[in-house]
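The values are calculated or read from the model by the stated rules, or taken from the named source; none is laboratory data. Fair warning: this is a prediction, and the values are worked out from it, not measured in the lab. Glycine gets a Cβ as well: all are built from the backbone with ideal geometry, and neighbour counts include every protein chain shown.
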Amino acid sequence: MARLTRRKLTPTDIVMWTIGAILIALILWGSIATLARGAYSLDHWIDFTIFGLAQGSIYALIAMGYTMVYGVLRMINFAHSEVFMSGPYTAYYVAAYFYRSGLLEAHPVLSMTMVFLVSMAVSTLIAYLLEMIAYRPLRSAPRLVPLITAIGASFFLQYVFRGLYGSGFQAYPVIRALEGPMYIGPVRILKFQLLVIFAAALLMIALYQFTQRTRLGRALRSVSEDKEAAALMGVDVDRMISMTFMIGGAAAGAAGVLYAIMFKQVHFFMGFIPGLKAFTAAVLGGIGNIPGAMLGGIFLGLVESIGPSLFLDGLGITAPYQLKDAIAFTMLVLVLIFRPTGILGERLAVKKA
Amino acid sequence: MRPETSERLPGLSLGLVAGACLVLLTLIGIVEAFSQREIVSGVLSMGEGLLLFTGLFIAYLAADRGLRSAGAGRALAAGIVCGVAAAALLGGLVLLSRAVNLRQVLINASPAVFQMLLFQQEELLPGLALLGATGLLAGAAAAGLRLLPPVPRKAVTAGLVLVAGLGMLQDTVYPVLSSWGPLGDIADWVFEGLGLSRGGALLLFLAAAAASAAWAVKGQALRGGIEKLSPAGRRGLRFAGLALLAFVLAILPQALGLFLSEVLTIVGLYVLLGLGLNIVVGFAGLLDLGYVAFFAIGSYTVAILTSPELGFFSLGFWQALPFAVLFGVIAGVLLGIPVLKMRGDYLAIATLGFGEIIRILVLSDSLRPWLGGAQGIGKIPKAEIGAFEFAGPQEIYYLILAGCFLVGFISWRLRDSRIGRAWMAVREDEDVAQAMGINLVAAKLLAFATGAGFSALSGAIFASKIGSVYPHSFNVMISINILCVIIVGGIGSMPGVIVGAFALVGLPELLREFAEYRLLVYGAALVAMMLLRPEGLWPEATRRRELHEGEIEPQAEPPAAAAAGRP
Amino acid sequence: MTRRFALVVALVVLAGFTLAGFAQAAPPKDPIGVVTIKKGQPIHIAYWMVVAGPDASLGTDTKRGVEIAIQDKGGKLLGHPIKLSGQDEGCNAEGGQAAATKIASDPTVVAAIGSNCSSAARPGAPILWKAGIPTVSPSNTAPYLTDPKRGPEYDGYLRTAHNDKVQGAVAAQFAIKKLGVKTAATIHDGSVYAEQLQAVFAEEFKKLGGTITSQEAVAPTDTDMRPVLTKIATQKPQFIYYPIFIAAAGHITRQVKEVAGLEKTYLMSADGSFSPDFYKAAGEAAVGMFHSSPDFSAFAAGYKGFLEKHQKKYGEKPIAPFHAHGYDAALMVFHAIEKAAVKEGDTLYIPRKALRDALYATQGLKGLTGTLTCDSYGDCADPRIAVYQQTPENIKKLVNPESPFWKPY
């Protein structure tokens, strides 16, 4: 159906593409002007890229949770950002304890593993409870209804955690082994950025392989394809949906600790913005599609880091980094103009989303 | 919650749920914060009341379950077990707090709140005994309530709800009542110090119980009487009802006083916004998460055109208003074009992006000379008609009311028109709608444009009401809030928008004095409302039918789920 | 029965009051109105602060300052209990308007403390003053609120926080005169506070002969500041001024050290991040950086006592920088009530205009942030702003540095 309509060139298409072309022209003009000014050296551009990759990896990991839930339930799990917040905020107290007792200095790997496990456990638990209490009774409701419970649950969780831990900030202890830059050939990279990129990639590959290769993964995918058919084939659909939430929660918990390693601060509102960005990333990549979420996350991270300098600096716009989200969303619209279902999201195009 | 556990000891599992809820309430600090205020002066503080009512509610559910499975004795047992189990968990928390310093992690685990749980007893044991006894009594009371026949049960519940509600909202209710001449003396007697007086509480309880009982006995007859009326008589009654409504709407701000009028104006603005978004989401089925963009465009248009601070035009409000709506409509079309091909959640996130882009642009330093940047735009004039100035909330109310009538009328006419039916067809199935000859492009753009126009109108009034605009007022939470309003009200339903706005905008405004816990309650209420009434508070007729025809098991266990979702 | 009884009691009481009225002097006259507080009734003070949402720590912190001030008074003023009620102002204009309207509608409110955010005060303060309620803000810094051209609707508005014009200029003088730098960059977060401060700084810095290399902006919720810092680094400023709040300031402070080319740059922020929570957020990276803030050293002992009470009452250190201003605002209000109130027998009368005038007449009041003296437009903060430098010890102990590094006076 979609293909059929696309073949005929309608006036709408022409207008849309004109808008797209104007945007691209602006971007190119800005980029050329910036490069021609030559304020930035190659090293700067490499730095921007690495910053973007590290930030993007975290977006990608959170986006996995959105995209997996979307795959099985076709709903935006708005409270996923609070799942992301709950883990590292709780695990902070473990990390702080290790720091005070000196264990973090003595055995950084062991103690950070513990911190990761605690964070993932808490996030998983929250995701599980969320599904059971707020979403499961609404399986058959219209699809906007669970969206509202998700928003409600998101508020509720934020303020519960604020009540438990307070409205101030906490900061993860510094791990000496991860401080400072290192060099890969001529490229200067901060050690923890390398760790974050590496760990996120590893986790994402593991998750992807899990859904593709294992029995459980196949069951998950079967539920996301067709719940009724999967149930007929003997798949316990409710359990699989719970499982999806828990896996997404675990990924968010891990992402949370990586975030905390990179940015140190944790507080009750920390989930909101990364959650929104990760959700954008999932849509950008094609929601419901796991490699798409990775791609979308990285793309978004890079646009945020490079975009303001590259596109706007040359145009003489003051304070370009204030506009970085505007650039990110413009890029999103641009991508969606030419690919209305995201970068990799062909599969869901016809299904009524 | 498994049946086998409840077989052995009825009410235990729910008791543990109740206990967990109470422990959570204690640990998030809401109990201690509320214990400063009192429901009944000198008898029950709000913090204690919160624990007590939560416990009562869940014990009631436990008794209900017991009654259904095995009769009255079981119900009583279930209630008591539930109450004791909940108290036991709280007691356990107190013991734990004595053993380890919980406050290192849990900031609100203060000595004061534990002292409160022990009923201010110096010694541990008598305190714990009191706690346990309270649990037992509360459980028994809840079970007893469940075992009452329906009429007295409803009466008691109504009484409790009224006392708790008035006790909570005393800061809002008291100033209003005290300004109503003779009622003021009664108010002075009912409210005392930091809460209701004992006699006042008793009086309110009895009044509510009596009203409830009277309605239960006579209500049916009254309704029957109306139905028996002749068509002409019924029309007359309806006319009288409308006249009364009009009268009430006209005198409302004077009767309610300053603050409640302010709440009404805020609710009114959201009704305007909700009616607009209802066209986009409810009628045409286009999920728009960036609706605040048009609100911002309306506000900023008025601000830029009228404010002497920027000094471009310095028009009056009425001259600026058409421009605001016009720019809103144009923006709606401009946004509509790129997103025509997107569906569902792709559309949602693209529109969300649009909303953020507008906010970021008005905030940005580079556009500051024209849009005010972070410092916003001030000195926006009030609307005037002749010598009458829409200055305070009690005057602006009429402006907003007029706007609501206008927008309500337009959207009501649109819904039943050809274009309205086209929107609904697009909502149900785009492809089929197109096959039936509906021009998708026109239908969608018209929906975006109309919705945007309404939103811009609301924004224009907002700017004049506040007198200054700041970028921070137009964040994504506004869009989400409006979406919640129309879905909680019942998607596609116009009365639903009004009900939703009162529930989701009016109530939180009244709760402003519970400042820190406002959004917590708001979130919990959103979840509970959707679990209990997924079709919305006042659903559209067709949608209600749709939702209920295919249901095999209508409302499978919503009370238990709601209980678990409550704080 | 009860009703008749109530009627009789009411009549008796009324008669009593009338007689008392004849016997004693009539309650004081006031052009705006008088609040009458009978025996045992509380003196009602309302706060309007941002206690929910992402900026909640700011409001919670100032509210605690007020609560401790009440506690220090023993919860009583002139023999009447103090009742503190509160509204959330949401750190935005519409929240400020709603909160102020709610307070204004309650005739028992004597005075208000708030708001936190200037954007909330702008529509809110006139509403309060229309109802005859003066308000003292602990953290509004925007200049127009106490500008001579602000209009009579702001006549009931005062503040204990520093006007941005004072603080921004001190930072620029410090950079040029003390550190001798020639080039500087600024970063703000789009808040009314930071944007104004950096604008004042930039203007003064240029006036004193310096060059501003760039004026950047971030969002308060941003976490990755490395890109914007890299952009700043291309122009190699000697000094970066970022008068923003704890979260974003913490990120910048940590990440500056990681950006090539900024290792030796001087860093400076303002009182919006001069607090223990910032030292948590920024960690050791904050060592050596500068903050402008009121000069606490004269009142070091009082402030220490405050911190002890805070720890005992809330189980943590202050979570934002304006708690002392909140304490001082409450102090000013109590002081003015004591001056303006008239006691007739057991009844307390507080004339509203007289209370406002008493607040404006505040002079030489010793608070935690300095000596409070109000000018004729309600700026009451001690004008002495000092510059502090962070040392490894105070970062480690999560306390503010004890004595200033530099004083302009």
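Being under 24 Å from C:HIS251 (Cβ atoms), in a helix (DSSP H, G or I), more than 14 Å from every other protein chain (Cβ to nearest Cβ) and not hydroxyl-bearing (Ser, Thr, Tyr) narrows it down to one of C:ALA175, C:ALA199, C:ALA184, C:ALA169, so name that one.
C:ALA175
What about A:ILE317, is it at the interface with another protein chain (Cβ under 7 Å from one of its Cβ atoms), modelled with pLDDT under 90 and either out of contact with any His (no Cβ under 7 Å at 6 or more places or on another chain) or under 26 Å from B:ILE337 (Cβ atoms) (or both)?
It is true that A:ILE317 is at the interface with another protein chain (Cβ under 7 Å from one of its Cβ atoms), modelled with pLDDT under 90 and either out of contact with any His (no Cβ under 7 Å at 6 or more places or on another chain) or under 26 Å from B:ILE337 (Cβ atoms) (or both).
State all residues of the range C:301-323 that are more than 12 Å from chain A (Cβ to nearest Cβ) and of a type in the set (D, E, K, R); if no residue qualifies, say none.
Listed by number, the residues that qualify are C:LYS304, C:GLU308, C:LYS309, C:LYS312, C:LYS313.
Can you pull out the residues in the range B:273-304 that are away from chain C (no Cβ under 14 Å), assigned to a helix (DSSP H, G or I) and either among the acidic types (Asp, Glu) or under 25 Å from the mean Cα position of the chain (by Cα) (or both)?
Residues satisfying the conditions are B:GLY274, B:LEU275, B:GLY276, B:LEU277, B:ASN278, B:ILE279, B:VAL280, B:VAL281, B:GLY282, B:PHE283, B:ALA293, B:PHE294.
Could you go through the range C:54-71 and let me know if any residue there is assigned to a loop (DSSP other than H, G, I, E, B) and crowded, with 24+ Cβ neighbours inside 10 Å.
For the range C:54-71, residues assigned to a loop (DSSP other than H, G, I, E, B) and crowded, with 24+ Cβ neighbours inside 10 Å: present.
Listed residues B:PHE327, B:PHE313; which is farther than 24 Å from A:ALA326 by Cβ and among the aromatic types (Phe, Trp, Tyr)?
Answer to the check: B:PHE313.
If we only count helices (runs of 4 or more DSSP H) wholly inside the range B:108-216, which ones have 2 or more residues that are within 14 Å of another protein chain (Cβ to nearest Cβ), within 13 Å of B:VAL40 (Cα to Cα) and free of Cβ contacts under 8 Å to residues at least 40 places away in the same chain?
So the answer is B:182-190.
Among the residues of the range A:120-130, is any within 7 Å of another protein chain (Cβ to nearest Cβ) and touching a helix residue (DSSP H, G or I) at 6+ places or on another chain (Cβ under 8 Å)?
No: the range A:120-130 contains no residue that is within 7 Å of another protein chain (Cβ to nearest Cβ) and touching a helix residue (DSSP H, G or I) at 6+ places or on another chain (Cβ under 8 Å).
Identify the residue in the range A:151-180 that is within 14 Å of chain B (Cβ to nearest Cβ) and in contact with a Lys or Arg (Cβ under 7 Å, 6 or more places away or on another chain) and, among all such residues, is modelled with the lowest pLDDT.
Among them, the one singled out is A:PHE169.
Residues in the range B:37-49: is at least one over 20 Å from B:THR134 (Cα atoms) and in contact with a helix residue (DSSP H, G or I) (Cβ under 7 Å, 6 or more places away or on another chain)?
Among the residues of the range B:37-49, at least one is over 20 Å from B:THR134 (Cα atoms) and in contact with a helix residue (DSSP H, G or I) (Cβ under 7 Å, 6 or more places away or on another chain), which makes the answer yes.
Specify which of the listed residues (C:VAL66, C:VAL109) is within 10 Å of another protein chain (Cβ to nearest Cβ), aliphatic (A, V, I, L, M) and in contact with a strand residue (DSSP E or B) (Cβ under 8 Å, 6 or more places away or on another chain).
C:VAL109
Please go through the range C:202-249 and give me each residue that is in a loop (DSSP other than H, G, I, E, B), in contact with a strand residue (DSSP E or B) (Cβ under 7 Å, 6 or more places away or on another chain), at the interface with another protein chain (Cβ under 10 Å from one of its Cβ atoms) and buried (at least 19 other Cβ atoms within 10 Å of the Cβ), ordered by number.
C:VAL218
Being away from chain C (no Cβ under 12 Å), within 30 Å of B:ILE358 (Cβ to Cβ) and either touching a His at 6+ places or on another chain (Cβ under 7 Å) or of a type in the set (D, E, K, R) (or both) narrows it down to one of A:ALA252, A:ALA278, so name that one.
When all the criteria are applied, what remains is A:ALA252.
Assess whether A:TYR183 counts as being more than 9 Å from every other protein chain (Cβ to nearest Cβ), hydroxyl-bearing (Ser, Thr, Tyr) and within 19 Å of the chain's Cα centre (by Cα).
Considered against the rule, which asks whether it is more than 9 Å from every other protein chain (Cβ to nearest Cβ), hydroxyl-bearing (Ser, Thr, Tyr) and within 19 Å of the chain's Cα centre (by Cα), A:TYR183 comes out as no.
Restricting attention to the range C:152-166, report how many residues are buried (at least 24 other Cβ atoms within 10 Å of the Cβ) and outside any loop (DSSP other than H, G, I, E, B).
4
Identify the single condition in (1) in contact (Cβ under 8 Å) with a residue 24 or more places away in the chain; (2) under 23 Å from C:VAL50 (Cα atoms); (3) buried (at least 22 other Cβ atoms within 10 Å of the Cβ) that B:ARG512 does not satisfy, given that it satisfies every other one.
(1)
Condition first: over 22 Å from B:VAL497 (Cα atoms) and either surrounded by 20 or more Cβ atoms within 10 Å (Cβ to Cβ) or within 14 Å of another protein chain (Cβ to nearest Cβ) (or both). Now tell me which residues in the range B:218-255 satisfy that.
Across the range B:218-255, the qualifying residues are B:GLN254, B:ALA255.
Cβ-Cβ below 9 Å, separation at least six or inter-chain, first residue in the range B:225-249 and without any contact (Cβ under 8 Å) to a residue 60 or more places away in the chain, second charged (D, E, K, R) and surrounded by 10 or more Cβ atoms within 10 Å (Cβ to Cβ): which pairs?
Every condition considered, the pairs that remain are B:ILE226/B:ARG234; B:GLU227/B:ARG234.
Among the candidates C:LYS312, C:LYS317, single out the residue that is assigned to a helix (DSSP H, G or I) and over 17 Å from the mean Cα position of the chain (by Cα).
C:LYS312
Taking the range A:320-339, which residues are at the interface with chain B (Cβ under 9 Å from one of its Cβ atoms) and surrounded by fewer than 21 Cβ atoms within 10 Å (Cβ to Cβ)?
A:THR330, A:LEU334
Please go through the range A:225-268 and pick out each residue that is polar (S, T, N, Q) and either part of a loop (DSSP other than H, G, I, E, B) or surrounded by fewer than 23 Cβ atoms within 10 Å (Cβ to Cβ) (or both).
Across the range A:225-268, the qualifying residue is only A:SER242.
Looking at B:LEU117, B:LEU145, B:LEU125, which one is at pLDDT 85 or above, loosely packed, with under 15 Cβ neighbours inside 10 Å and closer than 24 Å to B:ALA18 by Cβ?
B:LEU125
Among the residues of the range C:365-380, write down those that are in a loop (DSSP other than H, G, I, E, B) and at pLDDT below 90.
Result: C:GLY367, C:LEU368, C:THR369, C:GLY370.
Name every residue in the range A:221-238 that is under 26 Å from the mean Cα position of the chain (by Cα) and under 21 Å from A:GLN209 (Cβ atoms), in order of residue number.
A:ARG221, A:SER222, A:VAL223, A:SER224, A:GLU225
Restricting the range A:287-306 to residues that are in contact with an Asp or Glu (Cβ under 9 Å, 6 or more places away or on another chain) and facing another protein chain (nearest Cβ under 9 Å), which is farthest from A:ASP43 (Cα to Cα)?
A:ILE287
Which residue, of C:PHE299, C:PHE334, is at pLDDT 90 or above, surrounded by fewer than 23 Cβ atoms within 10 Å (Cβ to Cβ), of a type in the set (Phe, Trp, Tyr) and not in a loop (DSSP other than H, G, I, E, B)?
From the options C:PHE299, C:PHE334, the qualifying one is C:PHE334.
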